[in-house]
1. For residue 185, what charge total do you get from the other residues with a beta carbon under 12 Å from its beta carbon, if Lys and Arg give +1 and Asp and Glu give -1?
2. Less than 10 Å Cβ to Cβ from residue 50, Lys/Arg counted +1 and Asp/Glu -1: what total charge do the surrounding residues give?
3. If neighbour count is taken as other Cβ atoms inside 10 Å, put 270, 409, 578 in order from fewest to most.
4. Testing the spin-label approximation: label points 7 Å from Cα along Cα→Cβ at residue 439 and residue 479. State their distance in nm.
5. Would you mind getting me the FRET efficiency between residue 160 and residue 242? Use the beta-carbon distance for r and R0 = 60 Å, nearest 0.05.
6. Sort segment 420-479 into rounded, prolate or oblate with this rule: let a ≥ b ≥ c be the square roots of the eigenvalues of the Cα gyration tensor; rounded if a/c is under 1.5, and if a/c is not under 1.5, prolate when a/b is larger than b/c, oblate otherwise.
7. Working out 0.36 nm times the residue gap between residue 283 and residue 394, then minus their Cα-Cα distance, what length gain in nm do you get to one decimal?
8. What ranking of 360, 66 emerges when the number of other C-beta atoms within 10 Å of each C-beta is taken as an exposure proxy, fewest first?
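The numbers here are math on the coordinates, done by the rules we state, and not lab data. Because the structure is a prediction, the values reported are computed rather than measured. For neighbour counting, all protein chains shown are included, and Cβ atoms are generated from backbone atoms with ideal geometry for every residue, glycine included.
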Amino acid sequence: MDTDGSPRGPVVVVPVVLVLVLSGFAIEPGRLLPGPAAVLVLLVQLVTCLPWTRRLRGAWTLAAQIVLAPWAGLPGFLAASVLLTVERPVRWPLFVLVVLAAGPLAPGDGEVFTVLNGIGNAFAHGLVIYALSRLTDLYAELGATRGALADARVAAERRQTGRELEAVLGSALASVIALAGRGRQSAREVVTVAREAAERVRAAPAPQSAGRADVSPRAMTPRLAWPIVIATHVEYLTVGAVFLLGEEIPVWRGALYAAALTVVMALQAYHSLPRPPGVRPRYAPWTLGAQVVLALGMLTVPGGPYPQLTAFAAASALIVLPARAAWPAATALTLLTAGVVLARTDGPGAHGTALLLLDIVVITLVFHGLALLTGLVHEVREAREALASLAVARERRRIARDVHDLLGYGLSAIALKGELADRVPDARQAEDHLADAARLAGRALADLRAIPGEAAALTLDAELASAREVLAATGIEVRVRGTAGALDPATDALCATVLREALTNVLRHAPATRWCEIAFGPGVLKVTSEAASGDPADPPPPSGADAPGGNGIGNLRDRAALLGARLKAGPTPDGRRYALTLLMEPSPAPAATS
């Protein structure tokens, strides 16, 4: 498989099977090579069918087939082109007309078998070419829309997440704004609402289903392949039965031939039914074995009127057996059939055996191609689903990180402002704190509504300014040492996110925190805080992954790892401080040992 989930081999196998089948169909009865007109029709049909040239498909290809049809003698090609180029609803009626016209125009003496054989061949060839072409088109279209499906699923996930965030956190922030406007008597309610919302933010949100947003192209699905497979088998069975009825053979032998033909075709249809890749038919060893025994057994019966039965067994071998055994088995069956027919005294001779061998190869490729392409469509559909699910999972993780990183700090600051409003004796100061809480809630609400869009980006300068403002209002001393210098946007956003998480932790424990230091060094950002009590036994408890139910440190470690950085968090050696350190330079490689 490619890194984008598409199988490599089938990109080549699919057109090769189609070319081989079309080439086999182009050969006229009794000839080993197609005639000049048939070659021209074949070339036009390749332009009509191949995925690389299908954009050229149109009225001119159909007109060329109509003009060449009287000389080429390939009505099945014209029937397929009608299905591939004519729009609904006249597509299928025209197909039926072409198929029925193929009977009287078939070369021969005009007997019932000749007419039915002409109709049957046009019907089968048209359906098979249409099926292989549409499955080939669908394979290419599904591969081309893998990214579109992932984008659609991500967009659906964002819409649903936006609604859920608005319902859970948006209402809480709106309540904060309303409560702050009521004055000091609502300060405790502001604190309660903010802390409850902060607890929701700290916990990872439960994964939600984004629903199924499919962008599958309008093309033939495996479900439509099923009736085509059945119809093709019925056609081969019908033509074979008519052929037997036209032969002057004893009744018992005709009944034996008909029974063998029916069983072999039924088993072939069973093996060819669309299934997901890797799923084998039930009782496959027994059904394939019975088919091979019947097909080979017919070669020993006097007259041997239908050695093509081994073609169906060979096709089943390609469908049922593992790849390493399938082709050798199919080749062995084909060569064995040719050898037996050549050895028979009543056989068709070398030239007739060569024609028979060609017929067997074409039939084998037809039914193997139908099963192969149907399986490939299943495979690409599953790859698209897997890629879309992966994209949605990544988006959920991104949204969870942004919810924590963008809202945790604001909600902690709101709760702290509410506590200050409740504690300060001066009514004017309390109103100022509540006004700050309402402003922070408005900012958090804007961040909340931006989260379901593209990943939100913080800036280090803005976070430093916010740190000075908010922490100073709480009485926590802010020390900034050094400068960050010039940072690329991704690193700047990472530093801003780390700083916001560190300040969120400080704000949650503001009553016990005396000072906070933000230090910059070469490739290093370190945020350290100290407890006011100075008691080493009671350092500020860590936030994030180190706190029950939290995800902050884990989120930051994931973000840092994406840029090749490392994050360290925990108490300092003396136990009196808590430090969060971002190392933006990769760790040195270990020295080589001799």
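1. Neighbourhood net charge equals 0.
2. +1
3. Least to most surrounded, the residues fall as 270, 578, 409.
4. For the pair residue 439/residue 479, the computed spacing is 2.8 nm.
5. According to the calculation, E is roughly 0.50.
6. It comes out oblate by the Cα gyration axes.
7. Value of the extension gain: 35.8 nm.
8. 66, 360
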